[in-house]
């Protein structure tokens, strides 16, 4: 049985991000996969303190918390779906803080100092929304900035980006279109 982790960084329970991630979760479940759906905003963990000890020990010096538990799920998974609304052209602060804590489990460093990915062979999907209307969400690097930041982390970790969904103009376009719903269902198949 294949296992996937879905990271939902939206603080709003009925947001477009949540709706898209729920569609993807249901598609994966219908295919017989195991799915861990994680609401980032409900997790309890402290931010990274930058001590760099994890680089040598391959473990965070902080006590056991949600960040460590979810990292183990990601490490044991076959793929990852990350959904984040755009905050100032980037992912949410909670999601960035979580990725900061995970650096030791996502990538190592070689003797020459270059990053060495630890999640190679896994696929990922990025889902983002922003209030900026299309095409300005791309031109002004709003949702495009969120995608860039997530790709930076995921690709250096070894994930292959299977697909990206960017929904723009959410102030006026609050509901998912039938096309967007169909796209959510279709792209999940690229994880298998």
Report summary line: Looks like the stretch 27-105, by Cα gyration tensor root eigenvalues a ≥ b ≥ c and the a/c under 1.5 rounded cutoff (else prolate when a/b is bigger than b/c, oblate otherwise), is oblate
Query raised in the report: Counting pairs of alpha carbon atoms under 8 Å apart in space and at least six apart in sequence, what relative contact order in percent does the chain give?
Result: 24 percent
Query - Rounded tilt (10° steps) of 143-157 against the dominant C-alpha axis of the chain - result: 30 degrees
Requested in this report: Note down the nm distance, to one decimal, between modelled labels 7 Å out along Cα→Cβ at residue 61 and at residue 134.
Outcome: 4.8 nm
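How big is the antiparallel share of DSSP beta bridges in the chain, given as a percent to the nearest 5?
The antiparallel proportion sits near 15 percent.
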**Report entry** residue 161-residue 72 pseudo-label distance in nm [points 7 Å out on the Cα-to-Cβ vector]
**Finding:** 3.1 nm
Query raised in the report: Highest mean first, what order results for 111-121, 147-157, 63-73 on Cβ atoms within 10 Å?
Result: 147-157, 63-73, 111-121
Requested in this report: Using only Cα atoms, tell me the angle between helix 66-76 and the longest principal axis of the chain; keep it within 0 to 90° and round to the nearest 10.
Outcome: 80 degrees
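Any read-out appearing in this document is the output of simple, stated calculations on the displayed coordinates, not a laboratory observation. Since we're looking at a predicted model, the values are computed, not measured. Counting neighbours? That spans all protein chains shown, and the Cβs are built from the backbone with ideal geometry, glycine included.
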